[in-house]
Amino acid sequence: MEPGCGSPSVLPHWPQPKRQPALWPTLAALALLSSVAEASLGPAPRIPAPRLGPAPAPAPPTGHPPGGRAARTCGGRARRPPPHPPRPAPQPRARTAGARGCRLRSQLVPVRALGLGHSSDELVRFRFCSGSCRRARSPHDLSLASLLGAGALRPPPGSRPVSQPCCRPTRYEAVSFMDVNSTWRTVDRLSATACGCLG
């Protein structure tokens, strides 16, 4: 029977193609993952070309905007700079007496030079008062100086009144030392510890 005349034709038997795994969906998924990874890592850093000239001024710290204003964050809220610690109040300066003012002074002196009859080769710190008390003069002292200068007062012979206070110790302390016989000696009220204008 010839083909095309109403009789069933016999087709040659072709082998069925084997099913291949779906490559296109896999490739599309890989491309998508690659673009997601690129976006999360950001663009590759570019190395800037070296610039000639002076170095640029450093940028202000991010936590402290210039002028102390509040910096805006991504959420829109204002972020205030941290408060500065309170400055301590300035301490009043103590008035120190000058070299001419009445004040306490000290010096190392030999015990034999004290004039108290002790035989010792040691040195002791002797504190004493010296300086001027002109600023501490009272109205009496000022009037006395004026009267003496004008010759209106006649002091007794051999004595002259003092028209200003004297710089004298107001407190004392004891001083101890060892004499030549290896015996400890203590002299009370030998060294001054405070001074004042007296008289």
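The values are calculated or read from the model by the stated rules, or taken from the named source; none is laboratory data. Since we're looking at a predicted model, the values are computed, not measured. Here the Cβ positions follow ideal geometry from the backbone for every residue, glycine too, while neighbour counts run over all protein chains shown. Accessible surface areas use protein heavy atoms only, side chains included; no ligands, DNA or RNA. Shrake-Rupley method; radii C 1.70, N 1.55, O 1.52, S 1.80 Å.
Structure above, values below:
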| read-out | value |
| --- | --- |
| Scan of region 158-176 for residues that are open to solvent by 60 Å² or more (accessible area, probe 1.4 Å) and either touching a Pro at 6+ places or on another chain (Cβ under 8 Å) or part of a strand (DSSP E or B) (or both), ordered by number | Cys166, Arg168, Thr170, Arg171, Tyr172, Glu173, Ser176 |
| Pair list, Cβ under 7 Å, 6 or more apart: region 170-199 residue in contact (Cβ under 8 Å) with a residue 24 or more places away in the chain and of a type in the set (Phe, Trp, Tyr), other residue part of a strand (DSSP E or B) and open to solvent by 60 Å² or more (accessible area, probe 1.4 Å) | Phe177/Arg185 |
| Residue selected from region 105-135 under the condition open to solvent by 50 Å² or more (accessible area, probe 1.4 Å) and aliphatic (A, V, I, L, M), by the criterion farthest from Pro165 (Cα to Cα) | Leu123 |
| Residue list for region 177-199, filter: open to solvent by 30 Å² or more (accessible area, probe 1.4 Å) and assigned to a loop (DSSP other than H, G, I, E, B) | Val180, Asn181, Ser182, Thr183, Gly199 |
